[in-house]
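For reference, the structure is listed below as structure tokens.
The values are calculated or read from the model by the stated rules, or taken from the named source; none is laboratory data. This is a predicted model, so every value here is computed, not measured. Neighbour counts are summed over all protein chains in view; Cβ atoms, including those assigned to glycine, are modelled from backbone coordinates with ideal geometry.
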Amino acid sequence: MSDEPNPATTPAATLTALVADDEAIARDGLGHILAALDGIEVLPGARNGREAIKMIRANRPDVVFLDVEMPDVNGIDVVRTLQEEAPPEELPIFVFVTAYSSYAIEAFNLAASDYLVKPFTDARIARCMDRVRRLHARIRAERLSQAVLSLARNDFGPSTPAATPKAYVQRILIPHGVRTIIVPVNTVEWIGADNDYIVVHSQGKAHLLRGTLGAIEQDLDPNNFARAHRSILVNVDQIAELRRERDGSAAMVLRDGTRLPVGRRRYDEIRVRLASHAVRGVGTDH
């Protein structure tokens, strides 16, 4: 058995309705029919399209009955104007009213919920309002759902566990016959590429290890190691000097005196990284 409420027995929410028609008799007649229905509050009517736009902006009715053929600004143009100003979820439900059926396709292209052709009966208006109520209830449910999701993101989003930071390697293991040499990462001065091998330079020794520079670069903390050249990865703390040569090439000198080339594109990247964590001094060129 369904637990969903029966629309026939569920108390209807009060909807505000606006009628826009340049003929007073038609405007007042439709207003009286709507007022006789349960849960409908009829707002003062609009006498033309411009007045309808102004009243819709000011009163934000739930449903608007628009005569298609109004002078100056017709019902179609009223909807188009409002759709240019606000997203669909902020606009009322539109019902077009006209003596002609030729506007029906254009009306529904503008997302009208119904299209009333004059003359219409009280029963036809009642069926129209049943459709409007169902549409209004669905719109309210969607808005509530979006609001709940937004609150959930705001209330719970920041408190969700942050992504676990990547654990970078602290030691490099170098197989050497029956031994395995352990090289602490913080002792590495630089690493060079040599075909299918890499050469790890640490404390005056060079250790050969099968692998690629790109692979080991992924395992090292990028805050400590930088690619200085396509075949060189350097410990930035080991850089003692950067040099720009007269021919446009660049180089660096490590603390142990080792001189290494620096790619032209990477020179500025390394210089910026070093400068961002250093106290700038005032020097004198001799």
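Sub-9 Å Cβ pairs linking a first residue in region 112-127 that is over 16 Å from Glu69 (Cα atoms) and touching a residue at least 40 places away in the same chain (Cβ under 8 Å) to a second residue that is of a type outside the set (Ser, Thr, Tyr) and in a loop (DSSP other than H, G, I, E, B), at least 6 apart or interchain, are Asp122/Ala36; Asp122/Leu37; Ile125/Leu37; Ala126/Leu37, ordered by first then second residue. Report yes if Ala26 is under 17 Å from Thr121 (Cβ atoms), at pLDDT 90 or above, touching a helix residue (DSSP H, G or I) at 6+ places or on another chain (Cβ under 8 Å) and not basic (Lys, Arg), otherwise no. No: the conditions fail for Ala26. Restricting Arg153, Arg179, Arg133 to those that are at pLDDT below 85 and basic (Lys, Arg) reduces the list to Arg153.
Listed here are the residues, each with its yes/no results for (1) surrounded by fewer than 18 Cβ atoms within 10 Å (Cβ to Cβ); (2) without any contact (Cβ under 8 Å) to a residue 24 or more places away in the chain; (3) in contact with a Phe, Trp or Tyr (Cβ under 9 Å, 6 or more places away or on another chain).
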position: Arg171; (1), (2), (3): yes, yes, no
position: Ile174; (1), (2), (3): yes, no, no
position: Val188; (1), (2), (3): no, no, yes
position: Ile191; (1), (2), (3): no, no, yes
position: Ile198; (1), (2), (3): no, yes, no
position: Ser231; (1), (2), (3): yes, no, no
position: Glu241; (1), (2), (3): yes, yes, no
position: Arg255; (1), (2), (3): yes, no, no
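Going through (1) modelled with pLDDT of 90 or more; (2) surrounded by fewer than 19 Cβ atoms within 10 Å (Cβ to Cβ) one by one, Glu245 falls short only on (1).
Candidates in region 111-128 are the residues that are assigned to a helix (DSSP H, G or I) and either basic (Lys, Arg) or in contact with a strand residue (DSSP E or B) (Cβ under 7 Å, 6 or more places away or on another chain) (or both); of these, the one that is farthest from Ala99 (Cα to Cα) is Arg127. For beta carbons closer than 8 Å, sequence separation of 6+ or different chains, a first residue in region 78-90 that is in the same structural domain as Arg47 (by TED's automatic domain parsing) and over 16 Å from Ala46 (Cβ atoms) and a second that is of a type in the set (Gly, Ala, Ser) and not in a helix (DSSP H, G or I), the qualifying pairs are Pro88/Ala111. Among the residues that make up region 33-42, is at least one of them within 23 Å of Arg140 (Cα to Cα), surrounded by fewer than 19 Cβ atoms within 10 Å (Cβ to Cβ), modelled with pLDDT of 85 or more and under 39 Å from the mean Cα position of the chain (by Cα)? Scanning region 33-42, I find at least one residue that is within 23 Å of Arg140 (Cα to Cα), surrounded by fewer than 19 Cβ atoms within 10 Å (Cβ to Cβ), modelled with pLDDT of 85 or more and under 39 Å from the mean Cα position of the chain (by Cα), so the answer is yes. Just one of the listed residues (Val79, Val64) is out of contact with any helix residue (DSSP H, G or I) (no Cβ under 8 Å at 6 or more places or on another chain) and either assigned to a strand (DSSP E or B) or farther than 14 Å from Glu23 by Cβ (or both), namely Val79.
Looking at region 163-273, the strands (runs of 3 or more DSSP E) lying wholly inside it that each contain 2 or more residues that are among the charged types (D, E, K, R) sit at 188-194, 205-210, 239-244. Of everything in region 51-87, what is of a type in the set (A, V, I, L, M, F, W, C), modelled with pLDDT of 85 or more and out of contact with any Gly (no Cβ under 7 Å at 6 or more places or on another chain)? Give them in sequence order. Scanning region 51-87 gives Ala52, Ile53, Met55, Ile56, Ala58, Val63, Val64, Phe65, Ile76, Val79, Leu82. Could you tell me whether Ala107 is modelled with pLDDT under 85, part of a helix (DSSP H, G or I) and touching a strand residue (DSSP E or B) at 6+ places or on another chain (Cβ under 9 Å)? Yes, satisfied.
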